[in-house]
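Okay, structure first, notes after.
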Amino acid sequence: MTPPPTPGPPPRGRAAWGALVPVVALAAGLLFATSGQTAQGSDLRAGDVTELSTLIAQRNEVILEQEAQLEALQRRAEALTDQAASRDGAVAAARAAGEDGALSAGLVAMSGRGVEITLDDAPRRPDGGLPTGARPDDVVIHQSDVQAVVNAVWAAGADGVAIMDQRLVATSAVRCVGNVLLLQGRTYSPPFVVTAIGDPAAVRTQLDASPQVQVFLQAVEDYGLGFAFRERPDLTLPGHDAPPVMEYATAADG
């Protein structure tokens, strides 16, 4: 009877893999142990979110400190300008010319009769769902909505406009990141309040005539977005408190 064949050595590839298995298992064990020690029961994936929120809070504190320093420097510059104007007629004349244009430039506070317009996201249903047929983008206020209202107010001949108590000037830009409004270096969440000094009837007429505003008002009707228009007999708009940014200049002859 022929004896069974003697098993030969395993193929080289399988032998190499068998040798690597303990090494891989050891490395995986070290990795799990390191992760567990680092996490200490917390969610490692949440670390980036926590770090980002902390960074934002820190940056906001820095901004507040810098704004306070800016206000102090502006007061100091005003005092020095007053001193120079008291001794130099040319400085006094230039200061007077600047003050004459400060009102139209939006750099000083303004009071008068006007309107207050509020735009807000749609409230969620009690079950947390969206209105029938609505997408998440349909139930939030967008940059185009705010801009359409502001454009209509300016078209009505408003003397001054502010959003969230931030006075708008010629260089102001309305931008939204998601449903957060970014205006002149500050962020705001809805509801967004637009205040303007001007004829309320003229503002209402321009809102009704604006195609962009009508698109927004249709969404108000369809999805429950918030929109409120109120006449205000006595409004005060703050002056624009950021220093003007000069992009172009012309040298005068002489």
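The values are calculated or read from the model by the stated rules, or taken from the named source; none is laboratory data. Please read these numbers as outputs of a predicted model, since none were measured by experiment. Neighbour counts are summed over all protein chains in view; Cβ atoms, including those assigned to glycine, are modelled from backbone coordinates with ideal geometry. The accessibility values were calculated without ligands, DNA or RNA, using every heavy atom of the protein model including side chains. Shrake-Rupley method; radii C 1.70, N 1.55, O 1.52, S 1.80 Å.
Before moving on, here are some points about what is shown:
- When we screen R175, R230 for residues that are in contact with a strand residue (DSSP E or B) (Cβ under 7 Å, 6 or more places away or on another chain) and modelled with pLDDT of 95 or more, the only hit is R230.
- For the stretch 122-143, filtering for residues that are assigned to a helix (DSSP H, G or I) and open to solvent by 80 Å² or more (accessible area, probe 1.4 Å) leaves 2.
- Every listed requirement among (1) over 17 Å from T118 (Cβ atoms); (2) out of contact with any Gly (no Cβ under 8 Å at 6 or more places or on another chain); (3) at pLDDT below 95; (4) not hydrophobic (A, V, I, L, M, F, W, C) is met by R167 save one, (2).
- Residues located in the stretch 131-167, provided they are free of Cβ contacts under 8 Å to residues at least 40 places away in the same chain and of a type in the set (A, V, I, L, M): I163, M164
- Extreme residue, surrounded by the most Cβ atoms within 10 Å (Cβ to Cβ), among residues of the stretch 144-159 that are in a helix (DSSP H, G or I) and not aliphatic (A, V, I, L, M): D145
- In a residue-by-residue description of the stretch 71-90, the property of being modelled with pLDDT of 55 or more, closer than 30 Å to N151 by Cβ, open to solvent by less than 70 Å² (accessible area, probe 1.4 Å) and assigned to a helix (DSSP H, G or I) applies to no position.
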